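Contents: one structure, followed by commentary.
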Amino acid sequence: MNNKKLLAQIRNRRLPTKTFRKNADQLSLLLAKKTWAKIPKQKVSQVVLVMILRSSVAMLPAFLQYFPKAPVGFIGLKRDEQTAIAKKYYENIPKLNKNSLVIIPDPMLATGGSFEKAARILIKSNARPENIYFTGFVGARRGYELAAKIIPEKNITLLALDPKLDKKKFIVPGLGDFGDRYFGF
């Protein structure tokens, strides 16, 4: 099945969890490959993966296939459902330096708030903005524009860029709450 069909299927909110996971896993592999293609081959050994808990954990196996030696860090961010502002509750990232290439796989880029918080943590930990990459399934224009102010636009990989957010700051049309759907909530 082609990637557009897989993405169209996971946008279907009635798709069973098993099929959602299968399609999301296939798309994660595609995204990992696209991100791998952007990394200069002589620098692959400098890659660090940083997962934003919880949704991005679903993408980790795919990224480890392309970056099997990469250290993996975690940043826990919980979005306040009223304000849509993410608050940090956990951080455990490997030691970074100015040469570290940091990849943040995260399924959704809605307001860009979680990405911004994660990127600021990474920059404070010695990562250079030009060495940070974001890879996701779907983004909203607002989140994309915020991310492009922090890292180079060429470092952002998305399968789809949707036009807007709803009143609850969810991407429209989006695909719903990725974490809830992937983890069966």
Among the residues of segment 73-96, the number that are assigned to a loop (DSSP other than H, G, I, E, B) and either among the aliphatic types (A, V, I, L, M) or modelled with pLDDT of 95 or more (or both) is 6
Please work out which residue is surrounded by the fewest Cβ atoms within 10 Å (Cβ to Cβ), limiting yourself to segment 141-165 and to residues that are of a type outside the set (Val, Ile, Thr) and within 13 Å of the chain's Cα centre (by Cα).
ALA160
Suppose we filter segment 11-51 for residues that are β-branched (Val, Ile, Thr), buried (at least 16 other Cβ atoms within 10 Å of the Cβ) and out of contact with any Gly (no Cβ under 9 Å at 6 or more places or on another chain); how many remain?
3
Take LEU31 and decide whether it is part of a helix (DSSP H, G or I), among the hydrophobic types (A, V, I, L, M, F, W, C), in contact (Cβ under 8 Å) with a residue 60 or more places away in the chain and closer than 27 Å to LEU77 by Cβ.
yes
Counting only residues that are of a type in the set (S, T, N, Q) and more than 16 Å from LEU49 (Cβ to Cβ), segment 100-113 contains a total of 1
Please pick out the residue among ALA70, ALA118 that is surrounded by 14 or more Cβ atoms within 10 Å (Cβ to Cβ), touching a strand residue (DSSP E or B) at 6+ places or on another chain (Cβ under 6 Å), part of a helix (DSSP H, G or I) and of a type in the set (A, V, I, L, M).
ALA118
Among all residue pairs at least 6 apart or on different chains, which show Cβ distances below 6 Å where the first residue, located in segment 161-185, is under 11 Å from PRO107 (Cβ atoms) and the second is among the aromatic types (Phe, Trp, Tyr) and buried (at least 17 other Cβ atoms within 10 Å of the Cβ)?
ARG181/PHE20
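The values are calculated or read from the model by the stated rules, or taken from the named source; none is laboratory data. Predicted model, so just to flag it, every value in this text is computed and none were measured. As a convention, Cβ positions derive from the backbone with ideal geometry for all residues, glycine included, and neighbour counts pool all protein chains shown.
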